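Q: This structure is in structure tokens; I'll ask about it shortly.
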Amino acid sequence: MQDTNRMSGTFRVVIAIAISLGIFFRFFHLDHKVYWFDEVYSTTRIAGYSIEDVRQSLFQNQIIPAPTLQTYQQPKPDSTLVDTIDVLIQEDAKHPPLYYGVANLWMRQVGHSITASRALPALISVITLPLMFALGLELFSSYMVAYLATVLIALSPFDILFAQTVRQYSLLTAFILASSWLLLRAMRLRRWRDWGWYTLACFLGLYTHLFFGLTLLGQGMYVVSQHISRLTNPESFHRKSPILLPYLLSTVGTIALYVPWIVALLTGGDRTFQSSGWTHSSADFVYLLKFWILSFSSLFFDLDMGFDHPITYLLRLPFIVLVLVALWQLWSHSSGVASRFIWTSIFIPFLALALPDLIFGGRRSAITRYLICSFPGIQLAVAYLLGKYLLKRRIWQGIWAVMLTASITSCVVSAYSPTWWSKGVSYANAKTAAVLNRLDAPLLISDLGQNYLNQGNLISLSYRLDADVKLLPIDKDAIATGLAAVQLHENKNVLLYQPSADLRRQAEAKWGPLPLIDPPETGLWRISEQ
């Protein structure tokens, strides 16, 4: 670890500034971006409400002020932490309860505003920085690589974007890093208490997200590869105590602790896996390849120019090349421990998603947040590459400067944008709200939508709508009754929002053809204007 002597004062200052900027961006403009569909439903469940509870209360053919919808983003009266867990079991057991339970306590103590809700994942994301440093140091015994890896995760546009999202992804990253560090430490020190800490991290990781299982799969492959290497090396075999037995005991303990939630998964409500059924829809190889490029490059550079824009890929390809060079260098020049660990931590989780997509069809590996388990390994590989050449060759200092510039630019542009690619089905909500707010006392009519889509987006919109905007949530089983409550002469501007085919048909039968408002992505259809 003598490489600390090679780091100049200027280099240390750059590292400190970069990490500080990464922390700053995690908390800057917390409430600026659209509070999107997934965040809305996460907050609903954190507050103790079920999605069905909200539907039954909301879609009653009653005209209500837009802010009323935020009632379901506040703690449910007389509810407890147990209610939040029960809601997850009933509706969405594929999301384990750890983050939701912590967020429930946070909501009751800190508040339920957008800023307060997003501050929790942002704080958790800050914890990933020292964890990345510890992992880099454990893996490479190099302060320089550890610092560079910390900078990469600190200024990662992807990590910052999801640090400002009310979901469990920053907590998942924390446990990926913690469990990896504790595993390597336990294998090096061969002490039972270190295996105990590793077991605890794995237990908490599984109770954070199902996809932590992909990390466990990668770690298992790494342990097996190390065990095989030990068996083929007689000197190592006689000198060191075994690693396979304590690892297997740790794995058995982790699974035993996870059994209660496995039962919840098997006995949970019908919506547990229905809500993710769209990930099984077919996608060709080119579609998947584009998303892989976008996903892996978003760790270093992320400007939202559009999925089909050629400039998008021209700007990102250099970062993909950098990752490939880093992996090749790691394979060729690093120790077997570091190389095996990083390769298994990247490719085992990735292939576990990508191969089913390629063989059976689907787009699981095209969802950037699903690839989180692979991301720390990529950041560590690039940190190793930079650490190897940064202080030796001037060209690598230029590459490092370009990387910092690209990451900071991405973070600045993203911070000032009201929406981003991660907002999915709520991407256009900022535009929709702007159109409605320009109108005089508009009345917005909508029904439930497919898979409760409109319900989530209406609550999302309520955060950005003026106080004079009124909503009419239509009961899908009583559309005619709901439309009968609309008196055009009493409402200056009446619009439909993302109507179902049945709602639109009945509205057109009552009022004639309905023009789609420009821009079309707002999903607004005009009924009347005065």
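Q: Okay, helix-only estimate at 222 nm for the chain: each DSSP H run of n ≥ 4 adds -39500 (n - 2.57), divide by all residues, round to 500 deg cm²/dmol; what do you get?
A: -20500 deg cm²/dmol
Q: Roughly how many whole Å is it from the C-alpha centroid of region 7-40 to that of region 397-412?
A: 13
Q: Roughly speaking, what is the stretch gain from A480 to F347, that is 0.36 nm per residue apart minus the C-alpha to C-alpha distance, in nm to one decimal?
A: Going from the current span to full extension adds 42.5 nm.
Q: Mind checking the angle between helix 244-267 and the chain's longest principal axis? C-alpha axes, 0 to 90 degrees, to the nearest 10.
A: 10
Q: Hey, how many Å between the Cα centroid of region 189-235 and the Cα centroid of region 105-173?
A: A separation of 22 Å, based on Cα centres.
Q: I would also like to ask the following. With a cap of 11 neighbouring Cβ atoms within 10 Å, and only residues DSSP puts in a loop, list the chymotrypsin sites (Phe, Trp or Tyr not before Pro) found in region 395-438.
A: Y416
Q: Further question: Between D284 and Q60, what is the label-to-label distance in nm when each label sits 7 Å out along the Cα-to-Cβ direction?
A: Output for this residue pair reads 5.0 nm.
Q: Residue separation times 0.36 nm, minus the C-alpha to C-alpha distance between V224 and D466: what's the value?
A: Gain on stretching V224 to D466: 81.2 nm.
Q: Continuing with the same structure: Once Lys and Arg get +1 and Asp and Glu get -1 on their Cβ, which of L288, L404, Q487 lies farthest toward the positive end of the dipole of the chain?
A: Working it through, the farthest residue towards the positive pole turns out to be L404.
Q: Using Cα atoms only, what is the angle between the long axis of helix 143-154 and the major principal axis of the chain, expressed in degrees (0 to 90) to the nearest 10?
A: For helix 143-154, the angle is close to 10 degrees.
Q: Net charge around L516, counting only other residues with Cβ within less than 13 Å of its Cβ (Lys, Arg = +1; Asp, Glu = -1)?
A: -1
Q: Taking the alpha-carbon distance from K33 and a cut-off under 30 Å, which lysines remain once sequence neighbours fewer than 8 residues away in the same chain are dropped?
A: In chain and number order, the partners are K76, K94, K290, K423, K431, K470, K492.
Q: Remind me, what semi-axes does the chain give for its equivalent ellipsoid, largest first in whole Å, using sqrt of 5 times each Cα gyration tensor eigenvalue?
A: Ellipsoid semi-axes (Å, largest first): 46, 26, 20.
Q: With r defined as the distance between the Cβ atoms of R438 and L265 and R0 fixed at 45 Å, what FRET efficiency is calculated, to the nearest 0.05?
A: Numbers: r = 46 Å, r/R0 = 1.03.
So the FRET efficiency works out to roughly 0.45.
Q: Now for a different question. How fast does region 363-511 diffuse by Stokes-Einstein, in µm²/s, taking the Kirkwood radius from C-alpha pairs at 20 °C and 1.002 mPa s?
A: 110
Q: Report the label-to-label distance for R394 and D308 in nanometres (one decimal), using points 7 Å from each Cα along the Cα→Cβ vector.
A: Going from the R394 label point to the D308 one covers 4.6 nm.
Q: What spacing in nm lies between the two simple spin-label points modelled at R108 and I293, each 7 Å away from Cα in the Cβ direction?
A: 5.0
Q: Scan around I527 for amide H atoms under 5 Å from its own, H built in the peptide plane at 1.01 Å from N, and keep only partners 5 or more places away or cross-chain.
A: The list, which skips near neighbours in sequence, is V494, L495, L496.
Q: Suppose R0 equals 45 Å. What FRET efficiency, 1/(1 + (r/R0)^6) with r the Cβ-Cβ distance, do R505 and T80 give to the nearest 0.05?
A: 0.55
Q: How many angstrom separate the Cα center of region 467-492 from the Cα center of region 328-390?
A: 52
Q: Find how much the distance from I408 to Q487 grows on full extension, using 0.36 nm per residue of separation minus their present alpha carbon separation; answer in nm with one decimal.
A: Here the answer is 23.3 nm.
Since every read-out is calculated from the coordinates, none of them should be taken as a lab result. Here the structure is a predicted model, which means the values were calculated and not measured. Using ideal geometry, Cβ is built from the backbone for each residue, glycine included, and neighbour counts are taken over all protein chains shown.
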